[in-house]
Structures are given as C-alpha cells and as structure tokens.
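Engineer: Before I ask anything, here is the structure I am working with.
Just so it is clear, none of the values below were taken in a lab; they were calculated from the coordinates. Please read these numbers as outputs of a predicted model, since none were measured by experiment. Here Cβ is always computed from backbone atoms with ideal geometry, including for glycine, and neighbour counts include all displayed protein chains.
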C-alpha cells in the first residue's frame with residue numbers, strides 16, 4: 001500500500017533550517033510544519049505503519065538534498081500522530097528524493113509505502 005500526500009507553494013530547505021540563528025526559530029518552524037503536515041495526513045485514512053519507504057517528488061528551485069528537512073519533519077509528524085512507530089532504520093527502509101519537472105511549480109508529493 002502506498003499513501004500519497006500533496007501540497008503546493010510553501011517549503012522549507014535544509015539551508016533554511018540550519019541557517020536559523022537560534023533553536024527557538026527551528027522550534028517554531030517545526031511547529032508550523034507539524035500543523036501543515038498534520039492537516040495533510042489527517043485528510044486521509046492511514047492505517048498504522050510499522051515498516052515503510054518514503055519518497056519525495058517535487059518541482060521547485062531546491063537542490064534535491066535541500067528537501068530532506070521536509071521529509072524529516074513529515075516523518076516526525078507521522079510519529080507524533082501514531083501513523084508510524086518510529087523513523088529509525090528499524091522502521092524506515094528507504095528514502096528517495098526525486099525532482100520531477102512535469103509537476104507544477106512548487107508542487108510537493110510525499111509517498112509513504114507500507115512494507116510488509
């Protein structure tokens with residue numbers, strides 16, 4: 001089973017995340033993205049997932065590795081919502097980042113594949 005979560009417009013890059021001068025700025029960003037991702041996840045009925053692979057497809061100006069913050073914050077939100085048990089290598093069996101120029105500008109799709 002593969003769950004697909006999509007949004008457009010806003011993003012956070014690894015550069016944005018680590019250029020923050022103070023930990024409170026990162027905490028505020030994490031809270032903001034938790035709200036965004038919670039709404040996206042709650043819009044679907046997702047069964048609890050123990051083992052998974054996660055893939056981000058996107059079309060924006062970001063370098064592929066700069067998108068990893070969105071994956072991390074998405075995983076953290078799934079853990080907090082009880083969708084996945086954890087995001088360690090015990091549970092996460094793969095991460096893929098795919099720039100897809102056929103998507104609309106600033107479009108992001110996260111796919112979470114449930115692994116048996």
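Engineer: Given R₀ = 25 Å, FRET efficiency for residue 31-residue 4 by Cβ-Cβ distance, to 0.05? Write down the numbers at each step before the final one.
Structural biologist: Working: r = 24 Å, r/R0 = 0.98.
E(calc), rounded to 0.05, equals 0.55.
Engineer: Here's a follow-up. If you restrict to DSSP beta bridges whose two residues both lie in the chain, what percentage is antiparallel, to the nearest 5?
Structural biologist: Working: 16 of 23 bridges.
DSSP beta bridges in the chain are roughly 70 percent antiparallel.
Engineer: While we're on this one: Given points 7 Å out from each Cα along the Cα-Cβ axis, report the residue 15 to residue 98 separation in nanometres with one decimal.
Structural biologist: 2.6
Engineer: Quick check: residue separation of residue 76 and residue 23 times 0.36 nm, minus the Cα distance between them. What number comes out in nm? Mind showing how you got there, number by number?
Structural biologist: Numbers: separation 53, 0.36 × 53 = 19.08 nm, distance 1.70 nm.
Working it through step by step, the gained length comes to 17.4 nm.
Engineer: Can you give the Kirkwood hydrodynamic radius of the chain from its Cα pairs, in Å with one decimal?
Structural biologist: On the way: mean 1/r = 0.0690 Å⁻¹.
Computed over Cα pairs of the chain, the Kirkwood hydrodynamic radius comes out at 14.5 Å.
Engineer: Right, here's the next one. With r as the distance between the Cβ atoms of residue 114 and residue 63 and R0 = 35 Å, compute the FRET efficiency 1/(1 + (r/R0)^6) and round to 0.05.
Structural biologist: Values: r = 29 Å, r/R0 = 0.82.
So, using R0 = 35 Å, E works out to roughly 0.75.
Engineer: What 222 nm value per residue comes from the helices of the chain, counting each DSSP H run with n ≥ 4 as -39,500 (n - 2.57) and dividing by all residues, nearest 500 deg cm²/dmol?
Structural biologist: Values: 3 runs with 39 residues, N = 116.
Calculated mean residue ellipticity at 222 nm is -10500 deg cm²/dmol.
Engineer: If one computes P(r) from the Cα atoms of region 53-116, what percent of pairs lie at distances over 16 Å?
Structural biologist: Working: 898 of 2016 pairs.
Taking all Cα-Cα pairs of region 53-116, the fraction more than 16 Å apart is 45 percent.
Engineer: Separate question: Considering the chain as a Gaussian network with a 10 Å cut-off on Cα pairs, which listed residue, 34, 11, 22, attains the greatest mean-square fluctuation?
Structural biologist: Checking each option, the largest mean-square fluctuation is seen for 22.
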